[in-house]
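The next block holds one structure in the form of structure tokens; read it before the comments.
The values are calculated or read from the model by the stated rules, or taken from the named source; none is laboratory data. Quick caveat: nothing in here was measured; it's all calculated off a predicted structure. Counting neighbours? That spans all protein chains shown, and the Cβs are built from the backbone with ideal geometry, glycine included.
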């Protein structure tokens, strides 16, 4: 009984393998028939797709990437010395120009200022008094000049001590966001000590490098479109604010884009993509890159003349995504082969298909 079951299973397996082999052979036979039919067709002509050449306004597009930086990234330094008494703005705060960030002990400077102010006022009165006496010939002109010099010295001392007193109130020199601070209440600081780091997050800058072939298309004020993978559906506006005049490493030129971060979504240090596009009045010819045979330096294309292919050598220019600018070698209304060109040769008979 067991032997009979094994035999039946074996026979079923053989039938299954035979059926599979039959269907595969039939499939190969059909494929061979189709290949033979295609060969017969190609023996008569080569099916291709063509494009009628038309001139369009020249459009350039420069795409590159870079890291954003704050247009303002400033380390605020102390212009006075003394002990920090009060901190009015700290890390994480937004400041306007002139806001007091911190206050330094000013007791001694206040006393010096009061004395300097009093001396200056007194010398002004002395100049007025001696001037009147000179008009009455009661004093010499030399004495008046001496008093005027003393007044100027007192004025200089007054201005100096006033500035020193004002510097005890450390103020924000720019509007921005305090990214970091370096002081604490009770800390003694000297002139030139770090107080805080202020950045501007609403106006950013993007440094880019542009090839020498694209450099000629740049101009100050040119609009740029900024995109980030973090916000894939949003575009940010910018404009070209700086163009370098000297080529650097790899024959590239430095340029800088000012980015308007009005929504405050972008942050310094983020990686972004930038596209600088411009349409020009100059008429030019663009063709698909796939129509070009070989490299762009020795580019060749096929055109159709009376249902027969003709090889053309073309001079290429700017590359805009998958389109190539043709400077020479093609004319308007030429029928350019854009698909099916890799099996062609000079004089091949073709048939244009939709």
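For this structure, a couple of remarks:
- Test: residue in the stretch 335-347 that is surrounded by 12 or more Cβ atoms within 10 Å (Cβ to Cβ), part of a loop (DSSP other than H, G, I, E, B) and within 33 Å of the chain's Cα centre (by Cα): no
- The stretch 305-324 - residue that is crowded, with 19+ Cβ neighbours inside 10 Å and assigned to a strand (DSSP E or B) and, of those, modelled with the lowest pLDDT: 318
- The residues of the stretch 172-192 that are within 15 Å of residue 74 (Cβ to Cβ) and buried (at least 18 other Cβ atoms within 10 Å of the Cβ), listed by number, are 172, 176, 177, 178, 181.
- Taken as a whole, the structure places residue 283 among residues that are in contact with a strand residue (DSSP E or B) (Cβ under 7 Å, 6 or more places away or on another chain) and over 30 Å from residue 45 (Cα atoms).
- Restricting attention to the stretch 279-304, the residues that are in a strand (DSSP E or B) and either free of Cβ contacts under 8 Å to residues at least 12 places away in the same chain or touching a helix residue (DSSP H, G or I) at 6+ places or on another chain (Cβ under 6 Å) (or both) add up to 1.
- Criterion: outside the structural domain of residue 239 (by TED's automatic domain parsing) and in a loop (DSSP other than H, G, I, E, B) - qualifying residue of 157, 137, 150, 114: 137
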